[in-house]
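Read-outs: derived from the displayed coordinates by stated rules, not from any lab. The structure presented is a predicted model; accordingly, all values stated were derived computationally and were not measured. Note: ideal-geometry Cβ built from the backbone for every residue, glycine included; neighbour counts use all protein chains shown.
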Amino acid sequence: MATDLMAKALAGDGDAFRDLTEPYRRELHVHCYRMLGSFQDAEDALQDTLLAAWQALGGFERRASVRTWLYRIATNRCLSALRAAGRRAAKEWSVPGTTAPEPTRLGEVVWLQPYPDVLLDSTVSAPGPEARYEQTEAMSLAFVTALQLLPPRQVAVLVLRDVLGYHADEVAEMLDATLDSVNSALKRARAGLQHRVPTRAEREQAPVAGSPAEQAIVAGFVRAYESADLDALIALLTDDVFVTMPPMPFEYHGREDAARFYASIVRVGRAVDLVPTRANGQPAFGVYPHTSTGARHAAGLLVLTLAGDRIRGYTRFENTVLPAFGLPRSLPA
């Protein structure tokens with residue numbers, strides 16, 4: 001069937017080309033997201049990839065599979081985007097009615113966006129035999145953030161080798177590089193990632209998604225947050241908790257600094273609803289504060305990083321990311 005589709009596509013049949021590439025569309029989008037850290041940038045890179053593939057179809061020599069050929073195009077489109085001068089700029093503090101406490105530091109990856117789990121469910125291709133990371137681990141916010149701090153070529157090599165499981169010689173051909181340069185880039189990328197993302201053996205594991213253990217932590221967080229119980233909220237945090245809020249660069253590290261942050265936004269008497277969803281394999285919530293008129297307008301999306309029976313990370317995104325999660329900008333009054 002694929003051979004028939006290829007023949008029709010080569011003859012200029014656009015519908016056949018779409019049918020040929022559709023099975024890989026979602027996983028290519030995930031690949032672009034991992035490399036770029038931005039859902040919207042991944043959308044743009046995917047569209048560029050499919051257009052470039054259509055235009056270059058006549059030169060497809062079938063030495064590799066259609067999937068590998070598409071990954072080659074997508075990877076190089078992402079590399080071009082990473083090397084471009086412009087990425088989204090940091091924004092000023094924009095939490096209504098609050099003043100930013102002094103941050104622990106200013107973060108670098110202000111373009112980071114979350115990825116809806118509902119879209120990950122349709123990504124079915126298994127990684128190759130040389131993959132070192134589980135697919136869920138390689139979609140975590142911590143992993144994707146760490147990738148953004150590596151040089152572009154190292155990002156490409158590490159994702160192709162350790163996440164997707166391509167052989168080194170395949171990666172060299174995809175990147176028009178030598179085998180030695182690919183192996184060297186991979187070695188440096190692994191070292192750089194190790195400094196930023198603890199190994200599974202070095203960190204306390206998150207509970208299984210949807211398990212009673214995860215549900216208990218999430219329920220405790222929702223109770224504390226919606227009731228503005230600051231003490232209960234802080235008790236849920238690990239000692240090394242981190243708070244980030246792209247595209248604002250403010251970061252708060254450690255329980256003491258996180259407590260100062262929460263004290264600035266969690267106030268007794270304020271009412272807020274949390275609407276559950278999932279992002280990057282992690283529990284997430286649309287945040288809907290109540291107004292004096294009874295309206296509930298979305299303030300953003302919260303994503304929790306769990307460790308053991310507590311919360312190790314809290315990432316706040318702007319409400320512009322909500323449509324990708326199927327969440328409304330407002331709830332009925």
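The table below gives the values:
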quantity	calculated
Residues in the range 41-60 reached by a label modelled at L119 [backbone nitrogen below 13 Å; 7 Å Cα→Cβ]	41-47
Those GluC sites (Glu not before Pro) in the range 2-109 that DSSP places in a loop and that have at most 11 other beta carbons within 10 Å	E61, E92
Protection-proxy order for peptides 229-237, 313-321, 278-286, each taking the mean of Cβ atoms within 10 Å per residue, highest first	278-286, 313-321, 229-237
Distance in nm between pseudo-label sites at E204 and L51 (7 Å out along the Cβ direction from Cα)	4.9 nm
Hz values of 3J(HN,Hα) by residue in the range 234-249 - Karplus curve (6.51, -1.76, 1.60), Gly and Pro given as x	5, 5, 7, 8, 6, 5, 9, 4, 10, 10, 10, 8, x, x, 7, x
Acute angle (nearest 10 degrees) that the helix 14-36 long axis makes with the longest principal axis of the chain, alpha-carbon atoms	50 degrees
Folded to 0 to 90 degrees: helix 212-226 orientation relative to the chain principal axis, Cα	50 degrees
For W93, W111, order by how many other beta-carbon atoms lie within 10 Å, fewest first	W93, W111
Taking S264, S65, S38 and counting other C-beta atoms within 10 Å, the order from fewest to most	S65, S264, S38
Cα principal axis extents for the range 212-331, largest first, Å	37, 33, 31
Using alpha-carbon coordinates, inclination of helix 66-83 to the longest axis of the chain, degrees	60 degrees
